[in-house]
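Remarks on the structure that follows.
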Amino acid sequence: MLITENILEVRQRIAAAAARRGRNPAEVKLIAVTKTVDIPQMEQALALVDGFGENRVQELQRKYPFFPDGPDWHLIGHLQTNKVKQVVGKVSLIHSLDRINLAREISSVAQTLQVAAPVLVQVNISGEESKYGLAPGEVRDFLTTLADFPGIRVQGLMTMAPLAADPEEARPVFRGLAELAGDLARENIPGVSMKFLSMGMSNDFEIAVEEGANIVRVGSAIFGSRS
Ligand SMILES: *Cc1c(COP(=O)(O)O)cnc(C)c1O
């Protein structure tokens, strides 16, 4: 019950943020971040969100069989090369491509399975050392290199903002990612689409939507704090 209400409230806040920028709220996907969340709670959320996001492959593996009819699964956390086989073909989007070795492995597994693997390139806009992701200035060359990996389909960019007491502090980070995506889209790099901007979490998703996010990844505002 509470979960249902939380999701409706998050949707309303997304809609209000979109309206402030003249955007259509229907273009913003709400991914429920289900790390540490149990199956019954996930079942309550299933029909009301656009997908589940997990940041650990092992947890994704465990939960996946409980939902034979979908949802779309998103791998949002750091991905080790030796775990790629367990996610390609299962998830509809990997948000955390951040290095060439990983691209090589994703492409190779995807080709073996005769699928294309949709990915987002993770960018470290804030420059925090603790964050994964490419520096903004590295992304263009990285995307060009991906032409060597035919199993990969780049669909856009992902970032995480620093955790701050004031969510406004995330705004320059989100704006930076949106500007980078715009610049890259204009370059028309072969095989690269800038369709998705994955940014914004419980603390700052409205600001992300104002700055152009069309995928937000929301956990605690839906399921309560993980403590
Ligand atoms: C946990 C997590 C989220 C969601 O965080 P909340 O603050 O609970 O909304 C979003 N993205 C990533 C990559 C995460 O690991």
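The values are calculated or read from the model by the stated rules, or taken from the named source; none is laboratory data. This structure is a prediction, so every number in the text was calculated from the model and none was measured. Cβ atoms come from the backbone with ideal geometry, glycine included; neighbour counts cover every protein chain shown. Protein only, heavy atoms only, side chains kept; ligands, DNA and RNA dropped before computing areas. Shrake-Rupley method; radii C 1.70, N 1.55, O 1.52, S 1.80 Å.
Annotations for the structure displayed:
- Taken together, 163, 184 contain a single residue that is closer than 23 Å to residue 29 by Cβ and assigned to a helix (DSSP H, G or I), which is 184.
- Of all the listed residues (89, 53, 22, 77), the sole one being closer than 14 Å to residue 215 by Cβ and either at pLDDT 95 or above or of a type outside the set (D, E, K, R) (or both) is 53.
- Conditions (1) more than 15 Å from the ligand (Cβ to nearest atom); (2) under 18 Å from residue 15 (Cα atoms); (3) open to solvent by less than 20 Å² (accessible area, probe 1.4 Å); number of the one not met by residue 154: (2)
- Among (1) more than 14 Å from residue 155 (Cα to Cα); (2) under 14 Å from the mean Cα position of the chain (by Cα); (3) not in a helix (DSSP H, G or I), the one test that residue 208 misses: (3)
- Counted residues, segment 119-147 - those being within 19 Å of residue 109 (Cβ to Cβ) and without any contact (Cβ under 8 Å) to a residue 40 or more places away in the chain: 3
- Selection count, segment 173-218, where residues are in contact with a Ser or Thr (Cβ under 9 Å, 6 or more places away or on another chain), within 14 Å of the ligand (Cβ to nearest atom) and open to solvent by 20 Å² or more (accessible area, probe 1.4 Å): 3
- Test: residue in segment 158-168 that is under 25 Å from residue 90 (Cα atoms), open to solvent by 20 Å² or more (accessible area, probe 1.4 Å) and within 16 Å of the ligand (Cβ to nearest atom): yes
- Filter pass, residue 37 being open to solvent by less than 60 Å² (accessible area, probe 1.4 Å), within 14 Å of the ligand (Cβ to nearest atom), assigned to a helix (DSSP H, G or I) and over 18 Å from residue 120 (Cβ atoms): no
- Scanning segment 87-108 for residues that are farther than 18 Å from residue 123 by Cβ and not polar (S, T, N, Q) returns 87, 88, 89, 90, 91, 104, 105.
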